[in-house]
Structures are given as structure tokens and as C-alpha cells.
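Report on the structure given below.
The values are calculated or read from the model by the stated rules, or taken from the named source; none is laboratory data. Here the structure is a predicted model, which means the values were calculated and not measured. Here the Cβ positions follow ideal geometry from the backbone for every residue, glycine too, while neighbour counts run over all protein chains shown.
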Amino acid sequence: MWLSKCLEGMAMNKLDKIKTCLTEKQDEMRRELNLLLAKLPEVACLPRDVATVLEFIHSHAFEPSLNVNTVKQRCKIKNNNISTRFRVVLGLGIREYIEALRLCAASRLLQSQRFEVYLIAMAVGYEHQETFCRAFRRQFGHPPSGHIES
């Protein structure tokens, strides 16, 4: 019993370290995104609802409960076409955008840190390692463990 609690405590300490690292990476990614957005004059013309959704996603990207329905509810968007508008404006659907953001953060963590894959999956918002690994393979063409070595 005490061993499982000890191991759970060790995992939580590692998870806290990953979350700290992730926060730093997230801040770095936000700065990079803001620099890129500042260079694009058409960004100023983003529809208000799309800009609201983008801001919300970036603020809550690593929360496991974040999905299209959550975004619509929390942004109080009544327009059922927001997913289509988001895709037309940004070239990705809301779900795909969230996944890309999470996987980009996971990729950076895998390259810069030596944490277990399941902890990184949890830190970037995946509840199940298997789901994370499938998404990672789909995005990068190899499993997360292969990314660490590359």
C-alpha cells in the first residue's frame, strides 16, 4: 500500500515538473505565435468569433476536457457554423487545431526533456496514452518513443 502511494507521489512530482516545463514551452509558443501573427496583416481581419475561439483554445489547450462543444459553450457562440468558419479562416477545424497545438507541445517536451510518454500525454491534455500515441503517429509518422531518439 505505501509503495503504491510512494510511486504515485513520484509520478505526481514528475507531472508537476512536466507541467512547469510545459508552461514555459507554452509561453514560448505564445510569444512565437504572437510574433507570427503580428507579421500577418490579414490577422487583424479575423472574424470576432474565430478570434474568440482562438484565444480560448490557447488559454485552455492542455485541459483534457477541451473539445469543440466545450469551446462553443464557454465562448458563448450560438453560431453553429463556427467550426466551418474556423476551418475556412485557419485551414484546420477546431478539433484538428487543438490536436496540433497539443502535439506540437508534446514534441517539444519529448525533444527537450526525459519524461515518460504517459506523463507527457497527461501534461498536454490527453487522458489516455494510447490516444496520444495514435495521434502522435498520425501527425509525425512515428511513435513518441521514436521522437525522443530523433
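Structure notes:
- Search result, residues across the stretch 123-134 that are part of a helix (DSSP H, G or I) and either over 17 Å from H60 (Cα atoms) or at pLDDT 95 or above (or both): Q129, E130, T131, F132, C133, R134
- Once the stretch 93-122 is narrowed to residues that are in a helix (DSSP H, G or I) and small (G, A, S), the residue that is farthest from R134 (Cα to Cα) is S112.
- Residue under evaluation Y126, criteria (1) aromatic (F, W, Y); (2) touching a Leu at 6+ places or on another chain (Cβ under 8 Å); (3) touching a residue at least 40 places away in the same chain (Cβ under 8 Å), criterion not met: (2)
- Among residues that are assigned to a helix (DSSP H, G or I) and modelled with pLDDT under 85, A44 is included.
- Residue under evaluation L35, criteria (1) farther than 21 Å from R137 by Cα; (2) modelled with pLDDT of 75 or more, criterion not met: (2)
- Of R137, R85, all but one fail to be in a helix (DSSP H, G or I), free of Cβ contacts under 8 Å to residues at least 60 places away in the same chain, of a type outside the set (S, T, N, Q) and in contact with a helix residue (DSSP H, G or I) (Cβ under 7 Å, 6 or more places away or on another chain); the exception is R85.
- For the stretch 59-82, the count of residues that are part of a helix (DSSP H, G or I), more than 16 Å from the chain's Cα centre (by Cα) and touching a residue at least 24 places away in the same chain (Cβ under 8 Å) is nonzero.
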